[in-house]
Amino acid sequence: MKRVFIETYGCTLNHADSDIMRGILEEAGYAVFPDAPIFILNTCAVKETTENKLISRIEKLKAEGKKLVVAGCLGMEPNQKRVKKADPDAVIVLPDAVSHIVEAVECAERGESRIFSGGTLKGSLPREYTAPILRIGAQDGCVGNCYFCQTKIARPKLASIPLREIKRWVEEGVKRGAKEIQITGQDTGAYGIDIGSTLPEMLREVLDVEGDFRVRLGMINPGHAKRMLPELLKLLGHEKFYKFLHLPVQTGSEKVREEMNRMHSVGDFEDVVRNARKKFPDLSVSTDIIVGYPTESADDFEESKKLLERVEPDTVNISKFSSRRGTEASRLGKIDTLEVKRRTVEMSGLVKKLGKKRNSRYLGRIADVLITEMQKTPTGRMENYKQVCIGGDAGVGEWKKVKIVDCNHGSLFGEQV
Ligand code: SF4
């Protein structure tokens, strides 16, 4: 039995790429085993800390005698040299070359180091159908050029999967038990710009698929969300569509937003949230904030806090600024580490307070929860994608009616009724 193992890091899009690589490998007769001689590391390069962790992982696996295929964003220059230093024999598969995964594994078996780029578009490739959660990587690349972002360098070209392929994946996935379809990408708002389609058009087709499932829309830039707001509001009204938006704003300071070269204003973000919440008061909003961008003054940081206090997002992914090789921002120097640490602690405190405030609105409510995973207790999502941990027995893929009895900043807790 030919055996490989895939270790995946980073975003949902990267996990969706691993689902495709697993499908191709299984079709070629490979089995995925944790003690396999060949390891495929599907890497992430979004932060320096992640990069360092992955380089140590490569060195450790190399020392254990594993043969390595390095896929994902770390394989791309300007990080490739570091990967090759950690393991000169590593075979590299760039993010747009997942169709070459079998050849790459065969090269690794032979000890032949190669770099694979380009290849067959992902939509026509075999894939693994996971359930109850099915990840659909609808597009790669974006139309932005944010000065802090290295993902843009690793996945430079906008490549949208044709609508009919996405629909075929969803139909097959639902037939095989998928209950939650995660439509993801580098920036889902850019979907279709390269193929004469649009995100709303694609989502309408997905929602037309027969079956009892929910759709979670992944990260969409506020600029795109504002541009397509009327259609997005209609889609949010569909019973199969989680009332949830992930809108990365990154900063509350218009000055810093401009210096980051983000293609939306802070006001665009607020407009989208305000209009969507007017129609769906329980809309769950997730955003991302970078703390310590090189040009962020103490006043700019206060602007970010004030923005969150005004908008009250449900969840905020806080990142300390991480200088990434090859980006414009890497030439801007850094703010004192202790000051960045102080700001991050302050921001985390605020985010927890706001999260708890948003969640306490649900105490005493009765909600329908789709069980999607088994943590300490059965855990699922209510219609706005809020995470609910429930007591009692429940199976993955089941709907349960619960009364919300408690909460913290990140989760709700419910009892079955
Ligand atoms: S929109 Fe900006 S942050 Fe997002 S992937 Fe593109 S360049 Fe990076």
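The values are calculated or read from the model by the stated rules, or taken from the named source; none is laboratory data. In this text the structure is predicted, and so the values were computed from the model without any measurement. A quick note on method: Cβ atoms are made from the backbone with ideal geometry, for glycine too, and the neighbour counts reach across all protein chains shown. The accessibility values were calculated without ligands, DNA or RNA, using every heavy atom of the protein model including side chains. Shrake-Rupley method; radii C 1.70, N 1.55, O 1.52, S 1.80 Å.
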Exercise for the section: Provide a single number: the residues in segment 324-348 that are of a type in the set (S, T, N, Q) and touching a Gly at 6+ places or on another chain (Cβ under 9 Å). Expected result: 2
Completion exercise
For segment 212-222, the count of residues that are open to solvent by less than 10 Å² (accessible area, probe 1.4 Å) and within 24 Å of Q250 (Cα to Cα) equals 4
Practice task
Can you give me the number of residues within segment 298-343 that are without any contact (Cβ under 8 Å) to a residue 24 or more places away in the chain and more than 26 Å from the chain's Cα centre (by Cα)?
Solution key: 7
Handout entry: Near pairs, Cβ below 6 angstrom, 6+ apart or cross-chain, from segment 129-150 (under 19 Å from H224 (Cα atoms)) to any residue that is near the ligand (Cβ under 9 Å from one of its atoms) and hydrophobic (A, V, I, L, M, F, W, C)
Key = C142/A190; V143/A190; G144/M263; C146/M260; Y147/M260
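Can you find, within segment 3-20, the residue that is nearest to G185 (Cα to Cα) among those that are small (G, A, S) and assigned to a helix (DSSP H, G or I)?
Once the filter is applied, the top-ranked residue is A16.
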Practice task
State whether one or more residues within segment 263-281 are within 16 Å of the ligand (Cβ to nearest atom), assigned to a loop (DSSP other than H, G, I, E, B) and in contact with a Gly (Cβ under 7 Å, 6 or more places away or on another chain).
Solution key: yes
Problem - Some residue of segment 94-111 being in the same structural domain as H246 (by TED's automatic domain parsing), within 14 Å of the ligand (Cβ to nearest atom) and buried (at least 21 other Cβ atoms within 10 Å of the Cβ) - result: no
Completion exercise
Given (1) open to solvent by less than 20 Å² (accessible area, probe 1.4 Å); (2) touching a residue at least 60 places away in the same chain (Cβ under 8 Å), V91 misses just (2)
Completion exercise
Apart from one, (1) over 18 Å from V311 (Cα atoms); (2) touching a helix residue (DSSP H, G or I) at 6+ places or on another chain (Cβ under 8 Å); (3) open to solvent by 10 Å² or more (accessible area, probe 1.4 Å) all hold for V209; the odd one out is (3)
Exercise for the section: Pick out, from segment 370-410, the strands (runs of 3 or more DSSP E) lying fully within it that include 2 or more residues that are out of contact with any Phe, Trp or Tyr (no Cβ under 8 Å at 6 or more places or on another chain) and either among the charged types (D, E, K, R) or open to solvent by less than 50 Å² (accessible area, probe 1.4 Å) (or both). Expected result: 378-381, 399-407
Handout entry: Test set (1) out of contact with any strand residue (DSSP E or B) (no Cβ under 7 Å at 6 or more places or on another chain); (2) farther than 23 Å from R135 by Cα; (3) acidic (D, E); (4) open to solvent by 70 Å² or more (accessible area, probe 1.4 Å) - E26 fails condition number
Key = (2)
Practice task
Considering only segment 112-128, state which residues are touching a residue at least 40 places away in the same chain (Cβ under 8 Å) and either assigned to a loop (DSSP other than H, G, I, E, B) or within 16 Å of the ligand (Cβ to nearest atom) (or both).
Solution key: L121, L125, P126, R127, E128
Practice task
Might you check whether a residue that is within 16 Å of the ligand (Cβ to nearest atom) and part of a loop (DSSP other than H, G, I, E, B) occurs anywhere in segment 221-240?
Solution key: yes
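With respect to G144, is the statement that it is over 29 Å from D87 (Cβ atoms) and away from the ligand (no atom under 14 Å from the Cβ) true?
Values: over 29 Å from D87 (Cβ atoms): yes; away from the ligand (no atom under 14 Å from the Cβ): no.
In short, no.
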Problem - segment 155-193, residues that are within 16 Å of the ligand (Cβ to nearest atom), touching a Gly at 6+ places or on another chain (Cβ under 8 Å) and either in contact (Cβ under 8 Å) with a residue 60 or more places away in the chain or open to solvent by 30 Å² or more (accessible area, probe 1.4 Å) (or both) - result: R155, P156, K157, A159, T184, G185, Q186
Handout entry: Pick from segment 35-53, criterion among the hydroxyl-bearing types (S, T, Y) and assigned to a helix (DSSP H, G or I), ranking: surrounded by the fewest Cβ atoms within 10 Å (Cβ to Cβ)
Key = T49
Fill in the blank from the handout: Taking segment 131-141 and the residues there that are among the hydrophobic types (A, V, I, L, M, F, W, C) and open to solvent by less than 40 Å² (accessible area, probe 1.4 Å), the one that is farthest from the ligand (Cβ to nearest atom) would be L134
